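Scroll down for the structure; my scribbles are underneath it.
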Amino acid sequence: SATTAPTQETAAAPIAGVATKPATVNANRKVGGEVGDLAPEFGGIDAWINGNPLIMEELRGQVVLIDFWTYTCINCINTYPFLKDMQAKYADKGLVIVGVHSPEFEFEKSYENVVAATIKDDLVWTMAQYNDFITWRRYDNRYWPSEFLIDKDGVVRYTHIGEGAYAETEIAIQELLAEIGS
């Protein structure tokens, strides 16, 4: 089961969904973390680990899996094998995994601790390290771990809270990669 977010968060949890039909992005589309929303921009990032700063607009044309995690959460740790598998299978086909480290405890706010955890656990995808929960709130997130799958047009097409649903998530990744011809 997923770990609940800090009590300061009051937004509704993302609705678990399945990949929806492709949608044309338009100026009237809501920005947020629900399926069908335009994916919000990263905000409040203190540092980037394993890569350069990322901007959602620059990720257009690719499939993006945003993983909200924290390095001492057992539920998050249990998702590492799946994330590593997805990285190995699909990174060269257009999947970009972005870990958004969102600390649950005070000691998890340390950049050095987050870097040490990524090295220890061999987490090689790009990680955003921050402590202010700005990106978390933009996605209306409330849980660790939470995954948001973004299509080539920057639209949230699938969400999952907690561990599990690995086969369903991989199918959604494959469907979105097929849309970019991969």
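The values are calculated or read from the model by the stated rules, or taken from the named source; none is laboratory data. Note that the coordinates shown come from a computational prediction; the quantities given were computed from them, not determined experimentally. All Cβ positions, glycine included, derive from the backbone under ideal geometry; neighbour counts span all protein chains shown. Surface accessibility is based on the protein's heavy atoms, side chains included, excluding ligands, DNA and RNA. Shrake-Rupley method; radii C 1.70, N 1.55, O 1.52, S 1.80 Å.
Note on the stretch 43-136: antiparallel DSSP beta bridges, both residues inside, total approximately 20 percent of the bridges counted. In this structure, the residue pairs whose Cα-Cα separation is over 21 Å, taken from K93/K152; K84/K120; K30/K152; K93/K120, are K93/K120. If R0 equals 22 Å, the separation of the Cβ atoms of I55 and D121 corresponds to a calculated FRET efficiency of about 0.25.
Between E112 and I180, what's the calculated FRET efficiency when r is the beta-carbon distance and R0 is 35 Å? Round to 0.05. Taking R0 as 35 Å, the efficiency between E112 and I180 is 0.45. Close amide H partners of G154, meaning residues 5 or more places away or on another chain with modelled amide H under 5 Å apart, are G61.
Surface exposure of the chain, expressed per residue as accessible area with a 1.4 Å probe, stands at 44 Å².
Its Kirkwood hydrodynamic radius, worked out from the mean inverse distance over all distinct Cα pairs, puts the stretch 71-182 at 14.8 Å. For the chain, with only Lys/Arg (+1) and Asp/Glu (-1) charged at the beta-carbon, what is the dipole magnitude about the Cα centre, in debye rounded to 20? The dipole magnitude comes to about 340 debye. Note on the stretch 101-182: with charges restricted to the Cβ of Lys and Arg (+1) and Asp and Glu (-1), its dipole about the Cα centre is near 240 debye. Computed from backbone phi with θ = phi - 60° and the Karplus coefficients 6.51, -1.76 and 1.60, the 3J(HN,Hα) list for the stretch 80-91 is 3, x, 5, 4, 5, 5, 5, 4, 5, 6, 10, 4 Hz; x is used for glycine and proline.
Computed over protein heavy atoms with a 1.4 Å probe, the carbon and sulfur contribution to the accessible area of the chain reaches 53%. For the residues R142, R60, R157, a GNM of the chain with alpha-carbon springs under 10 Å puts the largest fluctuation on R60.
Just want the answer: with Cβ charges of +1 for Lys and Arg and -1 for Asp and Glu, which residue in L176, W144, I161 is farthest toward the dipole's positive end in the stretch 139-182? Farthest along the dipole direction, towards plus: W144. Applying the Karplus relation 6.51 cos²θ - 1.76 cosθ + 1.60 with θ = phi - 60° to the stretch 162-167 yields 3J(HN,Hα) values of x, 7, x, 6, 5, 5 Hz, where x marks Gly and Pro.
Summarising the amide proton neighbourhood of V31: residues at separation of 5 or more, or on other chains, whose placed amide H is nearer than 5 Å comprise L38.
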